[in-house]
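The values are calculated or read from the model by the stated rules, or taken from the named source; none is laboratory data. As the structure is a computational prediction, the values presented were derived from the model and not from experiment. When we count neighbours, we look across all protein chains shown, and the Cβ atoms used for this are built from the backbone with ideal geometry, even at glycine. When the accessible area is computed, the model is the full protein with side chains, heavy atoms only, and any ligands, DNA or RNA have been set aside. Shrake-Rupley method; radii C 1.70, N 1.55, O 1.52, S 1.80 Å.
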Amino acid sequence: LTLTKKTMTHPAKSVLVFGVYLTLVGATLLFIPNVFLTVIGVENTSEVWIRLSGILLMALSVYYIVAARHQLSIIFKVTACIRCTIIFFFSAFVYLQMMEPIMLLFASIDFAGGAWTYFAMKKEGTW
């Protein structure tokens, strides 16, 4: 009897890491939202919208984690494309003074994660 452990592919790992990242950001927004708001230079609030954003991010993170665990490569392709576009939207929002420039850090994380997934898939020949 041999026990084999199925290893996760590199694209799946990149999506799993992004799912965990979304879980952490979502939990921060849900439980200690004003810490996040202070970091990005936005006035603290007691309104519920920021906590709802946290719940939505945590719910979204479940899709990424499940996709990674089940090797759903179509999701990997879609998320790689979408995450690479976020930086353009955030850049426009910063340019239009609709958000603080610190938000480009988060957009950069999205872009880097999307690029990681894309190049991992390219390397494996699954793109």
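What do you get for Rg/Rh over the chain if you use C-alpha atoms and the Kirkwood form of Rh?
Working: Rg = 16.6 Å, Rh = 15.7 Å.
Ratio value, two decimals: 1.05.
I want the local charge near Tyr21. Using Cβ-Cβ distances under 14 Å, sum +1 for each Lys or Arg and -1 for each Asp or Glu among the other residues.
Details: positive: Lys13, Arg83; negative: Asp110.
With Lys, Arg at +1 and Asp, Glu at -1, the net is +1.
Per the 1.4 Å probe, what fraction of the accessible area of the chain, in percent, lies on carbon and sulfur atoms? Kindly include the intermediate steps, with their values, before the conclusion.
Numbers: 5940 of 8400 Å².
C and S atoms contribute 71 percent here.
Roughly how many Å² is the accessible area per residue of the chain, as a whole number, for a 1.4 Å probe? Please report the intermediate quantities before stating the final value.
On the way: 8400 Å² over 127 residues.
Solvent-accessible surface per residue comes out at 66 Å².
Please give the length that would be gained between Asn44 and Tyr63 if that part of the chain were fully extended, namely 0.36 nm times their separation in residues minus their C-alpha to C-alpha distance (nm, one decimal). Spell out each step's value before the answer.
Working: separation 19, 0.36 × 19 = 6.84 nm, distance 2.95 nm.
Contour length minus Cα-Cα distance gives 3.9 nm.
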> For labels at His70 and Val17 in the simple 7 Å Cα→Cβ model, what's the distance in nm?
Replying inline: 2.4
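Please compute the contact order of the chain in relative form: average sequence separation of alpha-carbon pairs under 8 Å and at least six residues apart, divided by the residue count, as a percent. List each step's numbers first, then the result.
Numbers: 142 pairs, mean separation 41.0, N = 127.
Averaging sequence separation for qualifying contacts and normalising by length gives 32 percent for the chain.
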> Put a dot 7 Å past each Cα toward the Cβ at Ile109 and Trp127; how far apart are the dots in nm?
Replying inline: 2.4
